[in-house]
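What follows is a short report on a single structure.
Here, each number is a calculation from the coordinates, and none is a lab measurement. Keep in mind that what you see is a predicted model, and the values were worked out from it rather than measured. In this analysis, Cβ positions are derived from the backbone assuming ideal geometry, glycine residues included, and neighbour counts consider all displayed protein chains.
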Amino acid sequence: MKERRPIIVAGGGIGGLAAAIALADKGWPVEVIERASEFREIGAGIQLGPNGARMLEALGVAPLLAPSAIRLTEIAVYDGLSGSHLASLPLGASAEERYGAPYWAVHRADLHGALLRRCEDIDGVRLRTGVALARLQSTPDGVIVGTETGKNLQGAGLVLADGVWSTGRCQLFPRTEARFLGKTASRALLAAPDAPPSMIEPRVGLWLLPHAHVVHYPVKAGSQLNIVVILKDDWMEQRWDGSGEQVFIEERLASAAPALRELVAIPGQWGRWPLYELDPLKRWSNGLVTLLGDAAHPVLPFLAQGASLALEDAVTLADSLARQGDVLAAWQSYGNQRRPRTARLQATSKRNGRIYHLSGPSRLARNLAMRNLPAARLLAQYDWIYEFGR
Ligand SMILES: Cc1cc2nc3c(=O)[nH]c(=O)nc-3n(C[C@H](O)[C@H](O)[C@H](O)COP(=O)(O)OP(=O)(O)OC[C@H]3O[C@@H](n4cnc5c(N)ncnc54)[C@H](O)[C@@H]3O)c2cc1C
């Protein structure tokens, strides 16, 4: 490898580690700085559409994750009040053939752990924990990253992958703070023997309620069930490890169908995430600094696509650098390629959230429309998302 200053990646989450792998695979030295004292992910599940699974293949990470991943066969949608089945999105072998990649459910720690192992195997990647970006400066021939301990790091370019509350984004583009949506997501994991047996099957259950919805699917090769409850809430602390209260969730779902009430009564312990959003940005890069993942385009979790998009960003960014050979031009071209797609996904996800949470007569109209929509047409609506990179 030629003597080059590294590309600095701020943030060692799913997006940051994926970017490090993709850039190093193209021959660039990379230095990842992560604020936390160790690399870790919270205990919860994550769905990876065929577009995300394909990116993991390109990054050489898919084989490391495959043993614990669940190949999902369908997303079954229910009315959460009556418990009646509304529609099913078929995801089995035919969808896998259609998109050329599987639809996976994984544990976040397994995904993050697989990305980390791949990083550790690449000579060109340096990983540093307990180092937080505090300030950034782009000069004509490089970047200077000021850390919270006062030390400066120098690089050929900077990728801000520091999440939805990105410190770097707000310095690069003032007045781009994310807004609280007024909703939270509470998550719990159940050991398979404690879960209703039908819910451990390789499928997603999606239950729609007025101002709320519940999602569940198995993870860790079927040994655990992941449950997420999204509802109106005013808990808005900027962290992803708040504790949710059992009583609060049971009270809010008191009018739900019996199967759903029984499910949310099991866990006892929940963790809570506040949901934040940001309008699509007009630019992602300024000089030699660019944004990636949630820092660039936080996506509400009503399409289960945020992590897959961060993986797509990582692969596109590295391809762009390999093609342009020059950081400034590469960052610009990457942003131009990615912004229309991520903006469309942000809008579609937000719209999905509104549809999921309808109440009164609109809820009944939605149910009728969903019941009458053929499965093939339902799936075709997602082609533009799942076919990416084919
Ligand atoms: C309830 C919920 C469910 C979801 N479900 C799905 C799903 O099923 N499928 C899917 O694809 N996506 C899903 N998502 C979205 C997905 O979790 C995110 O899009 C993804 O984690 C973004 O990864 P990231 O690396 O961009 O950011 P993060 O995961 O937020 O990583 C940012 C990293 O930067 C570090 N950091 C922060 N500040 C600094 C700093 N100043 N200096 C250095 N490091 C810093 C943080 O410690 C962190 O490690 C869901 C999101 C939520 C909230």
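Please identify the trypsin sites (Lys or Arg not before Pro) of the range 101-166 that satisfy two criteria: DSSP loop assignment and at most 15 other Cβ atoms within 10 Å. Which are they?
On the way: sites: R108, R117, R118, R126, R128, R135, K151; in loops: K151.
Those that pass, being in a loop and sparsely packed, are K151.
Would you list which aspartates and glutamates come within 12 Å of K350, measuring only between C-alpha atoms, while excluding same-chain residues fewer than 8 positions from it? Partners found: E277, D279. Scaling the Cα radius of gyration of the range 16-91 by the globular reference 2.2 N^0.38 Å produces a ratio of 1.55.
Here the Karplus curve 6.51 cos²θ - 1.76 cosθ + 1.60, taken at θ = phi - 60°, turns the phi angles of the range 118-129 into couplings of 5, 4, 5, 7, 9, 4, x, 9, 10, 10, 10, 9 Hz, with x standing for Gly and Pro. The calculated P(r) of the range 253-325, using every Cα pair and 10 Å bins from 0, goes 15, 32, 24, 16, 10, 4 in percent. For the options V247, V61, V159, a Gaussian network treatment of the chain with springs between C-alpha atoms closer than 10 Å singles out V247 as fluctuating the most. Taking other C-beta atoms within 10 Å as the exposure proxy, E251, E312 rank E251, E312 from fewest upward.
Using helices alone, what [θ] at 222 nm do you get for the chain, with -39,500 (n - 2.57) per DSSP H run of 4 or more residues, divided over all residues and rounded to the nearest 500? Can you show the working numbers first?
Values: 13 runs with 138 residues, N = 390.
The helix contribution divided over the chain gives -10500 deg cm²/dmol.
In vacuo Debye scattering of the chain, one point per C-alpha: log10 I(q)/I(0) at q = 0.12 Å⁻¹? The computed values of log10 I(q)/I(0) come out as -0.91.
Please sort by residue number the trypsin sites (Lys or Arg not before Pro) in the range 266-331 whose DSSP state is loop and whose Cβ has at most 10 other Cβ atoms within 10 Å.
Details: sites: R272, K282, R283, R323; in loops: K282, R283.
Of the trypsin sites (Lys or Arg not before Pro), the ones in loops of the range 266-331 whose Cβ has at most 10 other Cβ atoms within 10 Å are K282.
In this Cβ point-charge picture (+1 for Lys and Arg, -1 for Asp and Glu), the range 170-253 has a dipole of about 340 debye about its Cα centre. With the largest listed first and rounded to whole Å, the semi-axes of the equivalent ellipsoid of the range 193-257 from the Cα gyration tensor are 23, 16, 11. Annotation: amide H-H contacts under 5 Å for A185 (H modelled 1.01 Å from N, sequence separation of 5 or more, or interchain): W273, L275. Which of L281, L309, L23 moves the most in a Gaussian network model of the chain with Cα springs under 10 Å? Checking each option, the largest mean-square fluctuation is seen for L281.
Sorted fewest first by neighbouring Cβ atoms within 10 angstrom, S349, S84 come out as S84, S349. Karplus-derived 3J(HN,Hα) values for the range 86-95, using 6.51 cos²θ - 1.76 cosθ + 1.60 with θ = phi - 60°, are 9, 6, 9, 8, x, 10, x, 4, 5, 5 Hz; glycine and proline are entered as x.
Its Cα gyration tensor gives the range 35-76 an equivalent ellipsoid, and the semi-axes of that ellipsoid, as √(5λ) in whole Å with the largest first, are 22, 15, 10.
Mind listing which trypsin sites (Lys or Arg not before Pro) in the range 152-224 are in a DSSP loop and have 11 or fewer other Cβ atoms within 10 Å? Write out the running numbers ahead of the final one.
Values: sites: R169, R175, R179, K183, R187, R203, K220; in loops: R175.
When the trypsin sites (Lys or Arg not before Pro) of the range 152-224 are filtered for loop state and at most 11 Cβ neighbours within 10 Å, R175 remain.
Taking the chain as a Gaussian network, where each spring joins two C-alpha atoms under 10 Å apart, which residue of A134, A18, A109 fluctuates the most? Between A134, A18, A109, it is A134 that shows the largest mean-square fluctuation.
Would you mind estimating how fast the range 252-390 diffuses translationally, via Stokes-Einstein at 4 °C and 1.567 mPa s with the Kirkwood radius over Cα pairs, in µm²/s? Don't jump to the answer; show the numbers that get you there.
Details: Rh = 17.9 Å.
Estimated diffusion coefficient is 72 µm²/s.
Applying the Karplus relation 6.51 cos²θ - 1.76 cosθ + 1.60 with θ = phi - 60° to the range 12-18 yields 3J(HN,Hα) values of x, x, 4, x, x, 5, 4 Hz, where x marks Gly and Pro.
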